[in-house]
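I have placed the structure first, in the form of structure tokens, so that the comments after it can refer back to it.
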Amino acid sequence: MKKNKKIEELIRVDHAGERGAVNIYDGQLFALQLLKSDPDTESKIAEMKEHEKEHLKYFEQQLAERKVRPTLFLPLWDLLGVSLGFVTGIMGKKATMLCTASVEEVIDKHYQSQIEYLESEEKEEKNLLKKIKKFRQDELDHRDIAYEEGATKDGPFFFLDAIIKTGSKIAIKVAKRI
């Protein structure tokens with residue numbers, strides 16, 4: 001398979017993002033299990049994590065098949081993802097759900113830009129395009145669930161939203177290159 005730097009970048013950043021999502025949910029589940037306070041939220045987080053694991057598996061396969069190296073920051077992303085998940089999990093249901101909503105809003109735009117690129121510039125990447133469209137829809141579903149479950153940007157949650165979105169955008173930029 002011919003090497004394409006833009007496709008390599010896309011695979012690397014999406015792999016890092018999906019791994020980050022799994023780690024965030026791991027941290028949230030750990031906090032929720034520790035607190036033993038909300039089995040319903042725990043169940044919803046576990047279900048969303050399963051989707052992220054499916055996405056991650058696909059991008060792990062793409063890394064291997066296309067011989068793309070993952071971001072060198074994976075260990076840091078792992079630590080930061082679990083930490084973000086744990087902290088928002090400890091903060092309660094609104095923060096837990098806002099974390100999902102905030103990340104998914106960034107990922108929606110990220111995946112949409114990749115879809116537009118693949119549709120206009122990489123017409124032979126039909127399977128990759130199909131997967132990214134499906135994964136984007138999963139992420140939008142997660143965002144909607146988060147808002148249905150109480151995610152809010154009111155009051156101090158406005159700052160949490162800004163921090164999470166800024167961190168997500170920085171992670172995307174770094175993972176593209178390093």
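The values are calculated or read from the model by the stated rules, or taken from the named source; none is laboratory data. What you see is a predicted model, and the numbers here were worked out from it, not measured in a lab. Every residue, glycine as well, gets a Cβ built from its backbone with ideal geometry; the counts of neighbours run over all protein chains shown.
If you check Glu105, Glu121 for being surrounded by fewer than 20 Cβ atoms within 10 Å (Cβ to Cβ) and farther than 23 Å from Glu8 by Cβ, only one passes: Glu105.
For segment 46-59, the condition of being touching a residue at least 40 places away in the same chain (Cβ under 8 Å), basic (Lys, Arg) and either loosely packed, with under 15 Cβ neighbours inside 10 Å or over 20 Å from Val103 (Cβ atoms) (or both) holds for none of the residues. Evaluate the following for Lys67: is it closer than 30 Å to Lys123 by Cα, modelled with pLDDT of 90 or more, loosely packed, with under 12 Cβ neighbours inside 10 Å and not aliphatic (A, V, I, L, M)? It is true that Lys67 is closer than 30 Å to Lys123 by Cα, modelled with pLDDT of 90 or more, loosely packed, with under 12 Cβ neighbours inside 10 Å and not aliphatic (A, V, I, L, M).
If you check Leu160, Leu72, Leu128 for being assigned to a loop (DSSP other than H, G, I, E, B), touching a residue at least 24 places away in the same chain (Cβ under 8 Å) and aliphatic (A, V, I, L, M), only one passes: Leu72. Scanning segment 84-101 for residues that are farther than 16 Å from Asp161 by Cβ and modelled with pLDDT under 95 yields a count of 2. Whenever a residue of segment 100-124 is over 27 Å from Ala46 (Cα atoms), its partners that are outside any helix (DSSP H, G or I), lying with C-beta atoms within less than 6 angstrom and at least six residues away or across chains, give the pairs Leu118/Glu125.
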